[in-house]
Amino acid sequence: MTFIPAYVSYLRTHHITHGTPREPNLSELFRSSVLLANTLSWKPRRADESMIVGVIRRLDNGMDVYEDADLQRLARTQMPLDELRSRATMLARSSGRHSQDHLAELLVSWFKQSYMNWVDPIRCQLCERGTDSDGSGGAGSSKVKMECIGQGEVSLMEQVEGGAGRVELWKCQKCGRIERFPRYNDCRMLMKTRKGRCGEFANLFTLFLRAAGFRARYVWNLEDHVWNEYHSESIGRWVHLDPCEGTWNSHLLYTTNWKKHMTYVFGFSTDGCADVTLGYMPSGRLPLGRDKILERDLCRVIRITTERRRQQRHPGGATVEGDDDWRARLEREDAAERSWLLDWSKRKQEEADRVAKEADMNDDSLAGRQSGQAEWKIERGEAGQE
Ligand SMILES: [Zn+2]
């Protein structure tokens, strides 16, 4: 039994028997997911549940690293913050947008354009010696084909120095040399190598956002991409940033431009985690295939994880001075976010405004993924309309 069709048919029946013979709207569909979980006999696989809970636990735990004051200080030495701040202030004078939002947009663009290097293709150091070394795909890169031959064993130093969890092995089709691509997780190492793919980009950019004074989220989706969000005080919600693409507030980038499904999208910050899937869906579309865990259980896991994080941050709970205000503010934010996520009409208006503005600005509004080689994007189905 697939999840959504059963869900829709349940709700149709439900609405008709209650004298309202109409299609349930999307908010109703999503909001009543608890009913579905309780009504139908569908049960997710244990392995799927564990995977989802494991991801939530792992990424929630990972958020503490970015609060390290030394690490933030080091990150600030990497960024031209003064310059970006003054540009943001200037832009804000004429745009009507807040300078904080301009700064976020300038920062993500600088991070992609001027700081990080996208590792694709992997390059043979023997065959391509003498070509440009920045990994951006110079003239020689297409001549030597590299084939991924699997995962290698992580060396002790890769593990200790760079926090690498795995190493990709790439074989040069011309000379046979094997290149290692350790997937480093340690931010200090990433500030040295300044290269990677979405994982490295979103990881380091979370730190850069925190170091620049933003409240930041690390965002994960089941479809194998990660990105960021920051909390905009002027817009009053969490706003999308993709450090691989250098894009700001493009919530429909993945569904509309990349033609991806969005099944589960979770955002993690020092203030808790949230299911933000609906924020990345265009109006009129529901996430499909949400069959990994009961919605009721997912809500519970997210609530407990968030609560634990908020308890940890203020160990004394409500007895800490000012804690009530702080807690209450976060709870108001949670409620506002839920209502934004469920309010398709509002999001539809925002979407229309954004598309109109983009069409004014450039012709690239339906462009596919910018990072990565054409073949890789097509393989992942992220090439957009080509
Ligand atoms: Zn070679």
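Structure summary
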{"item": "Out of Cys172, Cys187, sole residue that is within 16 Å of the ligand (Cβ to nearest atom) and surrounded by 20 or more Cβ atoms within 10 Å (Cβ to Cβ)", "result": "Cys172"}
{"item": "Residue within the stretch 194-201 that is within 16 Å of the ligand (Cβ to nearest atom) and in a strand (DSSP E or B) present", "result": "no"}
{"item": "Pairs with Cβ under 8 Å, 6+ apart, first in the stretch 164-186 and free of Cβ contacts under 8 Å to residues at least 60 places away in the same chain and closer than 27 Å to Phe205 by Cβ, second within 16 Å of the ligand (Cβ to nearest atom) and in a loop (DSSP other than H, G, I, E, B)", "result": "Glu168/Ile122; Trp170/Ile122; Glu179/Ile122; Glu179/Arg123; Glu179/Cys124; Glu179/Gln125"}
{"item": "Test: residue in the stretch 298-315 that is in a loop (DSSP other than H, G, I, E, B) and surrounded by fewer than 21 Cβ atoms within 10 Å (Cβ to Cβ)", "result": "yes"}
{"item": "Tally, over the stretch 146-168, of residues that are among the β-branched types (Val, Ile, Thr) and in a helix (DSSP H, G or I)", "result": "1"}
{"item": "Criterion violated by Gly165 - all others in (1) within 26 Å of Met79 (Cα to Cα); (2) away from the ligand (no atom under 16 Å from the Cβ); (3) not charged (D, E, K, R) satisfied", "result": "(1)"}
{"item": "Glu295 over 14 Å from the mean Cα position of the chain (by Cα) and surrounded by fewer than 17 Cβ atoms within 10 Å (Cβ to Cβ)", "result": "no"}
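No value in this document is a laboratory result; all are computed from the given coordinates. If you're wondering where the values come from, they're calculated on a predicted model, not measured in any experiment. Cβ coordinates were reconstructed from backbone atoms using ideal geometry, including for glycine residues, and neighbour counts include every protein chain displayed.
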